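Here the structure is laid out as structure tokens; the discussion comes afterwards.
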Amino acid sequence: MTTAESSAAPTGRDLRIPFGLMLIALACVAPLFLGNYPLHAIIIALIFLLPAHGLNLLLGYTGLLSLAQAAFFGIGAYTSALLAVHFGTPFYVNFLAAGLVTGAIAAPLGIPALRLRATSFVMCTLGFVIIGQAIAKNWISLTRGDMGLAAIPKPYFALGPASFTVSGTVGFYYLVLVIAALATLAVYLIVRSPAGRNMIAIRENETLAESVGIPTWYYKLVVFMISAAFAGLGGSLYAHYLTVVSPLTFQMYYSTTMLIIVLGGGAGTISGVIFGSLLFVGLTEALRVAPELRMIAYGFFLLGLVFWFPSGFAPLIGRFWSFLEKRK
């Protein structure tokens, strides 16, 4: 846990539950006041929240910088798309399979990669993205190459004799909102558990953590797999929302977006990553109204963030909780 979050916790703890409930209530009624495009932006932000949560576990709580999230995001998207297109399986089967497959693939990749340190590990994870995109382009019999997989069905649920399909922006918004809330709860339970405290110990001083009996390499491998699974789940949602996947799903832009969400929101904080996802992904979607200036404005925004909030928005969120407590 970062200094900003830990310092705010004792003072803001009494206010977090009612404030969180208020935000949930606002999220539930948001479709009544927002049009399709703002809801689309929020859906994309919530989809990217899943791989960002995974990266936050790896970087923010365990201290490992990985650029491989786009690779696992793409693997999850293709896994879900292939199952839906070729086998017609329900969404929840595709969704769970995407997480399990990416987590399983991360294991043999992580075993050699986690033997590396610092820059070497980062470069290795970058290689995973390049390899994943190359496979998606060249394994044409499976992935259809640059043509990609189209006509992916919308989320379909088969519950005994009853079945229904989630269609439309509003329906998909509520589906993603529930999944994002459950993912956030899972991350919270992980970081508050004894395993989470061991992860923080590894981040702070790996040598010292190992000296007191924490199996550091084992923890890093498990967190790497969990991080990949979160990215795969996000890729599954992405595939079923856009109904098309292609090798572009593996593009490095997605890894940098997830990294910006975590670092800009506040690595090692859950609230910071949620804020960062809504802000940075929502901002890029909102700037599409001015395509000529979109990336320039986004670049200036990131420069301002680096100079004015070098630790991300986590300290600002901490001060917000302190302000609420003083006004109480």
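Points worth noting:
- Entry comment: accessible area of the chain is 47 Å² per residue, from protein heavy atoms only and a probe of 1.4 Å.
- Taking a ≥ b ≥ c as the square roots of the eigenvalues of the Cα gyration tensor, region 265-307 is classed as oblate, since a/c reaches at least 1.5 and a/b does not exceed b/c.
- Considering only Ile75, Ile44, Ile179, the mean-square fluctuation computed in a Gaussian network model of the chain, springs between alpha carbons under 10 angstrom, is largest for Ile179.
- Rolling a 1.4 angstrom probe over the chain with all protein chains present gives an accessible area of which 73% lies on carbon and sulfur atoms.
- If R0 equals 30 Å, the separation of the Cβ atoms of Val29 and Arg197 corresponds to a calculated FRET efficiency of about 0.20.
- When only alpha carbons of the chain are considered, Rg and Dmax amount to 19.7, 63 Å.
- Glu292/Asn36 FRET efficiency (R0 30 Å; Cβ-Cβ; nearest 0.05): 0.80
- Using distinct alpha-carbon pairs, which all enter the 1/r mean, Kirkwood radius of region 172-328 in Å: 18.0 Å
- Approximate spin-label separation Met252-Leu185, in nm, with each point projected 7 Å along Cα-to-Cβ: 3.9 nm
- Span-rule helices in the chain, defined as complete DSSP H runs reaching 18 Å or more along the axis (Cα) with Kyte mean at least 1.0: 36-55, 69-87, 91-113, 118-138, 169-192, 252-265, 294-308
- Spin-label zone in region 138-171 - amide nitrogen under 15 Å from a point set 7 Å from the Cα of Val178 along the C-beta vector: 155-160, 162-168, 170-171
- Judged by the ratio a/c of the largest to the smallest principal axis of the C-alpha gyration tensor, region 26-162 counts as oblate, that ratio being 1.5 or greater while a/b is no larger than b/c.
- Full extension of the chain between Val93 and Leu65 gives 7.0 nm of extra length, using 0.36 nm per residue less the Cα-Cα distance.
- Three-way shape label, region 88-164, alpha-carbon gyration tensor, a/c 1.5: oblate
- Protection proxy ranking, highest mean first, for peptides 309-320, 21-32: 309-320, 21-32, where packing is the per-residue count of other beta-carbon atoms within 10 Å, averaged.
- Just checking the listed ones, Leu208, Leu177, Leu100: in the Gaussian network model of the chain with Cα springs under 10 Å, the one fluctuating most is Leu208.
- Label point distance in nm, Leu159-Ile131, each placed 7 Å from Cα along Cα→Cβ: 4.1 nm
- Gap separating the Cα centres of region 103-130 and region 196-256, nearest whole Å: 11 Å
The values are calculated or read from the model by the stated rules, or taken from the named source; none is laboratory data. Just so it is clear, the structure is predicted and the values come from calculations on it, not from any experiment. Neighbour counts run over all protein chains shown; Cβ positions are idealised from the backbone, glycine included. These area figures cover heavy atoms from the full protein model, side chains too; ligands, DNA and RNA do not enter into them. Shrake-Rupley method; radii C 1.70, N 1.55, O 1.52, S 1.80 Å.
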